[in-house]
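K.L.:
I am attaching a structure below and will ask some questions about it afterwards.
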Amino acid sequence: MTFVRDRDFGTPLRPGANTVTLRIDGRSVTVAGGTSVMAAAMQAGMSIPKLCATDMVEAFGSCRLCLVEIDGRRGTPASCTTPAEDGMVVHTQTDRLAKLRKGVMELYISDHPLDCLTCSANGDCELQDVAGAVGLRDVRYGYDGDKHRQEPKDESNPYFTFDSSKCIVCSRCVRACEEVQGTFALTIEGRGLDSKVSPGGVDFLGSECVSCGACVQACPTATLNEKSVIQMGTPTRSVVTTCAYCGVGCSFRAEMQGDRVVRMVPSKDGKANEGHSCVKGRFAWGYATHSDRIRKPMIRARISDPWREVTWEEAFAHAASEFRRIQAQYGRDSIGGITSSRCTNEEVFVLQKLIRAGFGNNNVDTCARVCHSPTGYGLKQTFGTSAGTQDFRSVEKADVVLLIGANPTDGHPVFASRLKKRLRQGAQLIVADPRRIDLVKSPHVAAAHHLQLLPGTNVALVNALAHVVVTEGLVKEDYVRERCDLEAFEHWARFIAQDQNSPEATESATGVPARELRAAARLYASGGNAAIYYGLGVTEHSQGSTTVMAMANLAMATGNIGREGVGVNPLRGQNNVQGSCDMGSFPHEFSGYRHVSDDATREMFESLWGVDLSDEPGLRIPNMLDEAVGGRFKGIYIQGEDIAQSDPNTKHVTAGLEAMECVIVHDLFLNETAKYAHVFFPGSSFLEKDGTFTNAERRINRVRKVMEPLAGLADWEVTLRFAQALGFAMKYEHPAQIMDEIARLTPTFAGVSYEKLDALGSVQWPCNDAAPLGTPIMHSERFVRGKGRFMITEFVPTDERTGPRFPLLLTTGRILSQYNVGAQTRRTANNVWHDEDVLEIHPFDAENRGVRDGDLVALASRSGEVSLRARISERMQPGVVYTTFHHPMTGANVVTTDYSDWATNCPEYKVTAVEVRRTNHLSDWQESDMESGVSLRRIAGRADAAE
Amino acid sequence: MSNDKLAYMANQIATNFRSMPEQEAIAATAEHIRLFWSPSMRAEMEGILRKPDTQLSAVARAAFTQLSTVKTK
């Protein structure tokens, strides 16, 4: 693919049914009402010179270059701020306009360095282009009257440079920060010729800037430019692909020189992100070629042995031999595998196929087990399918947003920008979170209600909201009567109306004042379109599934399912959590969420795959580990997952791994889990393979290979070759053929093909004969299960309790600059923002313990103890502390417990009783882990193989 | 898996169905175990039922018994 830049229409396009027809330079042009004259001309293929306009942001009308003449009107209005009207006759190229434009350009150039040949934006500079377009040949004001040429560069941001000397003060960056990102970090400082862009009077790194890249994207010159472009030069080709970080699934153009990435630029055509990005997807891609990447397969007999680099053939033969030996010795069910939410749908599908058909059991699970498995269970019980109900764009029609247990500005930043935009337009926000997350109050955003509940009380809180709805007559009765199972509703309504569910009764458990909760419930039920968005703060509890069902109950009772602006929307953590679940990664179900005991479904798979399949559910991840400790589970193939860092109760996880006889880790890096492995298959990054990811809105996006796999094989090829060595041949020449098989076997994917994805850009499942172009909004006519089912959601407090020894509650989460276990982001410059996990603690709790900001503290629970630095923060409520799990050195999951969701075994990461005290040393576990981090990662013949 | 852990899991399931009438709660608990527990986990149930000191709730115990009965039929 050659290098193609997104076409810039100058001002945002206005999709709409009403059209207007005007004449521009003699041509008849029909556009949607509300479109600017500039965008109308651009849509018709004409070009009007511009500098301050870009379709990322609203028109500004400051540069005076896009002037046009309109018959019957005086003067030369700016085309960017003039709406197109029926019958209008516009001239974009006249002598008068040419003279005006040339004069304006003279002023710009008189204060701009003329170092084009050595400028990093040479060939990619709108100022340069416009100078050419207006025929600038001389500058009457001279070239040395510039005022800003000596301005120092701001190099503080690791990814881009701010060179003020090249700034034309068009304000595109300031407006992008405000309108697109919603952070308001930039401003114009000074007046007249002293005007300059400023990140609030400090440097970029010290400012409120979140490095989303919108300002860099908006800049028409080299003022804000990627350091990679400055270093490498401009790209020569580009390939559209999908980000491999969070569940938003942003589309990017990988802009390349040969097989080297120059930069990742968000694609305007990407329906999940519509041209926006965050610091991870935009900039943190350097891990893909990091020197820590393992490029050769390795094996070893014991984990205490150094790794031995071998050929792929030897690695496959050894691994297959070990797995067959184990099955012969311990039984067919003694091995299993884990698929990855970071891998493509096709890779997940072939791995679960290998396990079900090749291993001959259903011992397959996925990392969604430890994040959104309760979403699958809860939404299937109530609505009939295991997925969110809306597309992201739907939030633009929401009037009230109930945000529970999610922190989108950190975890799903591109969606957060959409949400903030809607909030600035007047939508109301209710935040239910133990912490005061940024969305509670940030520039131009303030939550109407912050329900600052105690960890572990989500069910009580959502029940109380529903109690108000039912007892105050706020049920949408027509909707319930028409769309829902009435008997189940009446049973539920009687339950929820009981006093035990009232805000007054639940206040002592939740800590949320009844009056505040009642007001929030009334707002949700009667404020217009009400949408629920939630994250792992809902699912990672002993009643995670119950909370999902409680939210579904609330949405159905108020009629907030089945149209734009409403819904129940899980914000998925990793890029392909939805997809890995869709592809049949859970031990009890095939792709498309069909239970293995369903004879008709199983027979369809058996017929195509040519083997008999088990009709019994297999082991979940925690069950596999338990069985390993018990001596009955002996071998595991782990693809793209680091359970020794990400899963709870680390000591139990590593005990399980150590008890196995053959652990295969298939990953980019020698991660924490690989310390306990006997076979290492080097993985391929998202840049090195073809496939698809499915994001949180069920959108299937293409992943396209931009470089060859560094280890020689893409991940799907590794699984195929390993399967072949085991004697189970799977024949695919390309991932497109795997998708064809998925479509044949999975009704919700029946209409999906690479051909369609390439033609449409993406589709949202269900995509089949009934919905050939996909389904943006689910349950619009009827629920997937027919009638929506209300479920009884009794609040059962967790068994994890505070007490004299452990009086505080720990809740864990993530931050913007790091991702999950940090394996990718820790190998980028993102560490400048977060180079260690810290413990956030309220000043009251800190003072009681003599803890000062920055002190090393011991964090101890019934499971274990680690040491980390304290950060005193009023974001916390007294009695609750918080940390992240991005750095293996911290070992946050040494502290978390084995408690898990009753329905799915999703771990209860969000509630751990702990104590905090000052300390002057690392914990025993940390000391031991540092030692094993070296001793268990040795590679024969190499001295530098640390994770 | 340890019998105590399996019993804990079964109790947890039963507790979340406790607002149902008892027979429905037993059936729901049994169905949940049938759908989501592996054969090796279910195979432990009879041993758990035989151990008098296992902390098993009445509903979970009845669910185990129901599943064991179904299995032996």
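K.L.:
Only one of A:ARG869, A:ARG852, A:ARG862, A:ARG917 is surrounded by fewer than 19 Cβ atoms within 10 Å (Cβ to Cβ) and in contact with a Gly (Cβ under 7 Å, 6 or more places away or on another chain). Can you tell me which? Show your work before the answer.
P.N.:
On the way: A:ARG852 fails: in contact with a Gly (Cβ under 7 Å, 6 or more places away or on another chain); A:ARG862 fails: in contact with a Gly (Cβ under 7 Å, 6 or more places away or on another chain); A:ARG917 fails: in contact with a Gly (Cβ under 7 Å, 6 or more places away or on another chain).
On inspection, the qualifying residue turns out to be A:ARG869.
K.L.:
Filter the range A:790-806 for residues that are away from chain B (no Cβ under 14 Å) and either open to solvent by 50 Å² or more (accessible area, probe 1.4 Å) or touching a His at 6+ places or on another chain (Cβ under 7 Å) (or both) and give the result.
P.N.:
A:ARG801, A:THR802, A:PRO804, A:ARG805 - these are the residues of the range A:790-806 that are away from chain B (no Cβ under 14 Å) and either open to solvent by 50 Å² or more (accessible area, probe 1.4 Å) or touching a His at 6+ places or on another chain (Cβ under 7 Å) (or both).
K.L.:
While we're looking at this one, here's another question. What number of residues within the range A:32-78 satisfy the criterion of being within 37 Å of the chain's Cα centre (by Cα), among the hydroxyl-bearing types (Ser, Thr, Tyr) and closer than 17 Å to A:LEU100 by Cα?
P.N.:
2
K.L.:
Just checking, which of B:LEU56, B:LEU6, B:LEU49 is touching a Phe, Trp or Tyr at 6+ places or on another chain (Cβ under 6 Å), closer than 23 Å to A:LEU619 by Cβ and at pLDDT below 95?
P.N.:
Answer to the selection: B:LEU49.
K.L.:
From the list A:GLU477, A:GLU504, A:GLU472, which residue is farther than 30 Å from B:ALA10 by Cα, in contact (Cβ under 8 Å) with a residue 12 or more places away in the chain, surrounded by fewer than 23 Cβ atoms within 10 Å (Cβ to Cβ) and charged (D, E, K, R)?
P.N.:
None of the others qualify; the one that does is A:GLU472.
K.L.:
Here's a follow-up. If you take the residues in the range A:615-654 that are surrounded by 21 or more Cβ atoms within 10 Å (Cβ to Cβ) and under 23 Å from A:THR385 (Cα atoms), which one is farthest from the other protein chains (Cβ to nearest Cβ)?
P.N.:
The extreme case among them is A:ILE621.
K.L.:
Of all residues in the range A:246-256, count the ones that are touching a Ser or Thr at 6+ places or on another chain (Cβ under 8 Å) and not charged (D, E, K, R).
P.N.:
Residues meeting the conditions: 6.
K.L.:
Name the residue that is farthest from the other protein chains (Cβ to nearest Cβ), counting only residues in the range A:883-914 that are open to solvent by less than 10 Å² (accessible area, probe 1.4 Å) and part of a strand (DSSP E or B).
P.N.:
A:THR884
K.L.:
Return the total of residues in the range A:185-244 being of a type in the set (A, V, I, L, M, F, W, C), surrounded by 17 or more Cβ atoms within 10 Å (Cβ to Cβ) and within 14 Å of A:VAL279 (Cβ to Cβ).
P.N.:
The qualifying residues number 9.
K.L.:
How many residues does the range A:790-823 hold that are more than 27 Å from A:VAL548 (Cβ to Cβ) and modelled with pLDDT under 95?
P.N.:
Matching residues across the range A:790-823 total 2.
K.L.:
Could you tell me whether the range A:96-106 includes any residue that is within 36 Å of the chain's Cα centre (by Cα), outside the structural domain of A:GLY182 (by TED's automatic domain parsing) and either part of a strand (DSSP E or B) or on the phi < 0 side of the Ramachandran plot (or both)?
P.N.:
Within the range A:96-106, not a single residue is within 36 Å of the chain's Cα centre (by Cα), outside the structural domain of A:GLY182 (by TED's automatic domain parsing) and either part of a strand (DSSP E or B) or on the phi < 0 side of the Ramachandran plot (or both).
K.L.:
Failed condition for A:ARG308, given (1) open to solvent by less than 10 Å² (accessible area, probe 1.4 Å); (2) in contact (Cβ under 8 Å) with a residue 24 or more places away in the chain, with all others met?
P.N.:
It is condition (1) that A:ARG308 fails.
K.L.:
Something else now. How about the range A:593-608: which of its residues are open to solvent by 20 Å² or more (accessible area, probe 1.4 Å), more than 14 Å from chain B (Cβ to nearest Cβ) and not acidic (Asp, Glu)?
P.N.:
Answer for the range A:593-608, where residues must be open to solvent by 20 Å² or more (accessible area, probe 1.4 Å), more than 14 Å from chain B (Cβ to nearest Cβ) and not acidic (Asp, Glu): A:ALA600, A:ARG602, A:MET604, A:SER607, A:LEU608.
K.L.:
For the range B:1-42, which residues satisfy the criterion of being at the interface with another protein chain (Cβ under 8 Å from one of its Cβ atoms) and among the β-branched types (Val, Ile, Thr)?
P.N.:
B:ILE13, B:THR15, listed by residue number.
K.L.:
Looking at (1) touching a Lys or Arg at 6+ places or on another chain (Cβ under 7 Å); (2) of a type outside the set (Lys, Arg); (3) over 27 Å from A:GLN877 (Cβ atoms), which one does A:VAL480 not meet, given that it meets all the others?
P.N.:
The single condition A:VAL480 does not satisfy is (1).
K.L.:
Among the residues of the range A:247-273, which ones are in contact (Cβ under 8 Å) with a residue 40 or more places away in the chain and under 15 Å from the mean Cα position of the chain (by Cα)?
P.N.:
A:GLY247, A:VAL248, A:GLY249, A:CYS250, A:SER251, A:PRO266, A:GLY270, A:LYS271, A:ALA272, A:ASN273
K.L.:
State yes or no: is B:PHE64 among the aromatic types (Phe, Trp, Tyr), in contact with a helix residue (DSSP H, G or I) (Cβ under 9 Å, 6 or more places away or on another chain) and within 14 Å of another protein chain (Cβ to nearest Cβ)?
P.N.:
On the way: among the aromatic types (Phe, Trp, Tyr): yes; in contact with a helix residue (DSSP H, G or I) (Cβ under 9 Å, 6 or more places away or on another chain): yes; within 14 Å of another protein chain (Cβ to nearest Cβ): no.
Taking the combined requirement at face value, the residue does not satisfy it.
K.L.:
Now a separate question. Filtering the range A:160-213 down to residues that are assigned to a loop (DSSP other than H, G, I, E, B) and free of Cβ contacts under 8 Å to residues at least 12 places away in the same chain, which residue is farthest from A:SER817 (Cα to Cα)?
P.N.:
Filtering the range A:160-213 for residues that are assigned to a loop (DSSP other than H, G, I, E, B) and free of Cβ contacts under 8 Å to residues at least 12 places away in the same chain, the one farthest from A:SER817 (Cα to Cα) comes out as A:ARG191.
K.L.:
What residue, of A:VAL239, A:VAL197, is of a type in the set (A, V, I, L, M), outside the structural domain of A:SER110 (by TED's automatic domain parsing) and over 22 Å from the mean Cα position of the chain (by Cα)?
P.N.:
A:VAL197
The values are calculated or read from the model by the stated rules, or taken from the named source; none is laboratory data. Computed from a prediction, not measured in an experiment: that's the story for all the values here. Ideal geometry is used to build each Cβ from the backbone, glycine not excepted, and the neighbour counts take in all protein chains shown. Please note that ligands, DNA and RNA were not included when accessible areas were found on the heavy atoms of the full protein model with its side chains. Shrake-Rupley method; radii C 1.70, N 1.55, O 1.52, S 1.80 Å.
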